[in-house]
Amino acid sequence: MAYSNNLNANDTFANLPAIPDEIVVNDLLANELQDFNKKIIVLDDDPTGVQTVHGISVYTDWSPESIKAGFAEENSMFFILTNSRGFTAAETEQAHKEIATVIQETAEKQKKDFIIISRGDSTLRGHYPLETEVLKNTVEVYSDVTFDGEVIMPFFKEGGRFTFQNVHYVQDEKELVPAGETEFAKDRTFGYESSHLGEWAEEKSNGAFKASNAVYLSLESIRGLTIDDLVNQLMTVKDFNKVIVNAVEYVDAKVVVIALIRAMKAGKHFMFRSAAALTKIIGGVSDKGLLTKEELMKEHTGNGGLIMIGSHVKKTTEQFEALQTCNFIDFIEFNVHLVLHPDKFESEIQRVIETSERLIREGQTVAVYTKRERLDLGEDKKEEELKLSVKISNAVTSIVKHLEVRPSFIIAKGGITSSDIGTNGLSVKRATVAGQIKPGIPVWLTGNESKFPGIPYVIFPGNVGSKTTLKEVAELLHQ
């Protein structure tokens, strides 16, 4: 079903049920979290999922050593960066089988219960339902757990993603646009039509899970604090049917987490597909102000910074246009269409590396941006396009990998771009999330094993922020 009528955000929010007392909700949540003795493992399909947390570890592989280290931490939660949004379906399936197997084996050795959150895009892109189905099936094979249902919660306030009346909306300035009507729904690899989340799950599962069988947690029940009724709804879920979460404010999501924890304590088992808000709440992560320049820029080398722009969504293009008004930045276009001509492509990579190296060493901040026109091979070659996009991402990564000069900071724009630069370009095995430099825009502090230890690495999602946010971040970090 299409929901083509955009809504005025202010008018719509004013007409929703009254928000409950957040102090009361926070107390109830704290009580439930106090004895919620489960390790929370978040599988992030690109590195932007840490955009609500701080002081949390991100592991960039799923080796037994990394997962064991995550289980051993005092924190109740850790992230594993899968980068699966840049994988083929076959690669995604293999990775999630491996991850679930290692998690289950580690949990048994540690005698520790766990939950898995599959953190996906708040605009509903990604390998869904493949990822959560593989996780569910693998854990069930290697344990006595049977999953009753899957919780779907794409709410992400910082990015302007809201769900009410079971329809998911993306805020664009003052308008709320049904997700199925946005550019994200037209994604060549992960496109969809439905904005109603029950219908979306039915669509993505090719009818295996019917919208009519989903359980819907309404804003009326959530804001009326009828938590027992919400728990009763959750206790009815079976056969891996879907739980659709309505949420417009963090307090809504907190009420839902209270009900979910109570249902889990009563014996229910859930898989989770969510955006970034859920992880902050269920992980008990406190609020923290935006990061300052003083917190991040502790070394003053005189070198320029590096900005890498790979994302092609409309918001990135608008932000890039605003960035171009900064007179302290040198801009270098990377002609990625030469990927079709390997020799020319290699020469182009070397040109970009050498130019970036020289300018950064001279104290200039450099912005390397991929050619803005998309590489389009036609509708029947989506998998081939995805493979070429991986080659392009590898090339972007190699620019960072082969730098000899240490930039004063690095900003990566776009999920796949930031993942590949972090794991391959900077060789990060474990990073700590310092916090957010702007709402929804996280910063890693890289580990000692990385190419540039302790460098502030800004992971800037392609679809977050206003038109001027990228420019504002660059200005903040400019020395």
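The values are calculated or read from the model by the stated rules, or taken from the named source; none is laboratory data. The shown structure was predicted, so the numbers you read here are calculated from the model rather than taken from an experiment. Here the Cβ is made from the backbone with ideal geometry for all residues, glycine too, and neighbour counts use every protein chain on show.
Within the stretch 100-111, is there a residue that is in contact with a strand residue (DSSP E or B) (Cβ under 7 Å, 6 or more places away or on another chain), buried (at least 22 other Cβ atoms within 10 Å of the Cβ), assigned to a helix (DSSP H, G or I) and in the same structural domain as L197 (by TED's automatic domain parsing)? Yes, the stretch 100-111 contains a residue that is in contact with a strand residue (DSSP E or B) (Cβ under 7 Å, 6 or more places away or on another chain), buried (at least 22 other Cβ atoms within 10 Å of the Cβ), assigned to a helix (DSSP H, G or I) and in the same structural domain as L197 (by TED's automatic domain parsing).
Looking at K314, K238, just one residue is of a type outside the set (S, T, N, Q), over 30 Å from I410 (Cβ atoms) and either in contact with a Phe, Trp or Tyr (Cβ under 6 Å, 6 or more places away or on another chain) or surrounded by fewer than 23 Cβ atoms within 10 Å (Cβ to Cβ) (or both), and that residue is K238.
Residue-level analysis places K293 outside the set of residues that are out of contact with any helix residue (DSSP H, G or I) (no Cβ under 7 Å at 6 or more places or on another chain), farther than 30 Å from I115 by Cβ, surrounded by 13 or more Cβ atoms within 10 Å (Cβ to Cβ) and among the charged types (D, E, K, R).
The lone criterion from (1) at pLDDT 95 or above; (2) crowded, with 19+ Cβ neighbours inside 10 Å; (3) among the small types (G, A, S) left unmet by G55 is number (2).
N37 meets each of the listed conditions (1) in contact with a helix residue (DSSP H, G or I) (Cβ under 8 Å, 6 or more places away or on another chain); (2) in contact (Cβ under 8 Å) with a residue 40 or more places away in the chain apart from (1).
Scanning the stretch 135-159 for residues that are more than 17 Å from T279 (Cα to Cα) and either among the hydroxyl-bearing types (S, T, Y) or in contact (Cβ under 8 Å) with a residue 12 or more places away in the chain (or both) yields L135, K136, T138, V139, Y142, S143, V145, T146, F147, D148, G149.
Every condition in (1) within 24 Å of Q51 (Cα to Cα); (2) at pLDDT 95 or above; (3) not in a strand (DSSP E or B) is met by V368 except one, and the failing one is (3).
When residues in the stretch 428-440 are screened for being among the aliphatic types (A, V, I, L, M), assigned to a strand (DSSP E or B) and either in contact with a His (Cβ under 6 Å, 6 or more places away or on another chain) or crowded, with 24+ Cβ neighbours inside 10 Å (or both), 3 of them pass. Looking at V464, is it within 23 Å of D44 (Cα to Cα), hydrophobic (A, V, I, L, M, F, W, C) and part of a loop (DSSP other than H, G, I, E, B)? Yes: the conditions hold for V464.
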